[in-house]
Amino acid sequence: MIDRWLVVVDPQRVFADPDSPWGSPMFADTVEPIRALAAALPTIVTRWVPAPDAERIGSWRTYFDAWPFADRPADDPMFDVVPDLADLAAEATAASAPTFGKWDAVRSVTGSAPTLVVAGVSTDCCVLSTVLAAADAGATVEVVADACAGSSAENHRRALDAMALYGPQVTIV
């Protein structure tokens with residue numbers, strides 16, 4: 001049984017494209033660190049995909065009112081893994097979810113109490129949501145700071161600082 005996994009959170013075009021409202025200016029700097037980690041660990045690559053309108057509940061309706069550009073089918077190319085990591089994603093285990101946090105999708109692969117090495121985007125949204133839920137459920141989590149990209153350098157740092165508060169369950173490396 002594998003007990004240590006790399007989880008690459010949402011390395012998608014929508015978060016990498018500088019012209020996207022959700023594009024991270026830090027994304028390009030994560031590609032090589034992610035590739036190096038993936039060479040050493042079994043890997044899960046997650047994707048954020050919008051739930052179909054009929055399945056949206058509560059605040060997700062308001063969310064899509066605020067971000068109508070993202071209200072597209074899950075198979076829209078905007079939600080594809082970036083070309084620089086497409087080969088990695090093709091070899092990895094895939095886990096998609098219509099939520100910021102991907103812990104539920106990851107847990108279905110890893111089991112309840114793995115060690116997760118986490119990279120991806122956005123540090124201050126989907127990474128943060130995934131890490132805190134996983135730690136709260138009993139996973140041991142290492143967040144690789146230079147393999148994560150925030151919506152801004154300041155928000156990236158703030159999210160890392162918040163996750164560091166969860167030690168020893170969460171370690172920033």
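The values are calculated or read from the model by the stated rules, or taken from the named source; none is laboratory data. All values reported here derive from a predicted model rather than from experimental measurement. Please note: Cβ atoms are built from the backbone with ideal geometry, for glycine as well, and neighbour counts cover all protein chains shown. Quick note on the areas: whole protein, heavy atoms, side chains included, nothing else; ligands and nucleic acids left out. Shrake-Rupley method; radii C 1.70, N 1.55, O 1.52, S 1.80 Å.
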Q) Can you list residues whose amide H is under 5 Å from residue 102's amide H, if they're 5+ apart or on another chain and H is modeled 1.01 Å from N? A) 130
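How compact is the stretch 1-147 by the rule of thumb for globular proteins, expressed as Cα Rg over 2.2 N^0.38 Å? Please list the in-between numbers first.
Working: Rg = 14.6 Å, N = 147, 2.2 N^0.38 = 14.7 Å.
The stretch 1-147 yields a ratio of 0.99.
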Q: Calculate one ³J(HN,Hα) per residue across the stretch 69-74 by plugging θ = phi - 60° into the Karplus curve 6.51 cos²θ - 1.76 cosθ + 1.60, and present them in order as whole Hz with x for glycine and proline.
A: 4, 8, 7, 9, x, 4
Q) What full-extension length gain, to one decimal in nm, is calculated for residue 72 and residue 169 as 0.36 nm per residue of separation minus the Cα-Cα distance? A) 31.3 nm
Q. With every protein chain left in place, what is the accessible area of residue 13 in Å² (1.4 Å probe, nearest 10)?
A. 100
Q | Kirkwood Rh, Cα atoms: Rg over Rh of the stretch 91-173 | A | 0.94
Q. Taking only DSSP H segments of four or more residues, each worth -39500 (n - 2.57), what value at 222 nm results for the chain once the sum is divided by all its residues, to the nearest 500 deg cm²/dmol?
A. -9000 deg cm²/dmol
Q: Find how many whole Å separate the alpha carbon centroid of the stretch 107-144 from the alpha carbon centroid of the stretch 36-102.
A: 15
(Q) Run the simple label-point estimate for residue 59 and residue 109 please: 7 Å along Cα→C-beta, distance reported in nm. (A) 2.6
Q: Enter the accessible area of residue 172 (Å², nearest 10), with the probe set to 1.4 Å and all protein chains included.
A: 60
Q) If Lys and Arg each add +1 and Asp and Glu each add -1, what is the summed charge of the other residues whose beta carbon sits under 11 Å from the beta carbon of residue 147? A) -3
Q: Based on the mean of other Cβ atoms within 10 Å per residue, sort peptides 142-150, 62-70 so the most packed one is first.
A: 142-150, 62-70
**Q.** For residue 171, residues with placed amide H under 5 Å, excluding near neighbours
**A.** 141, 142, 143
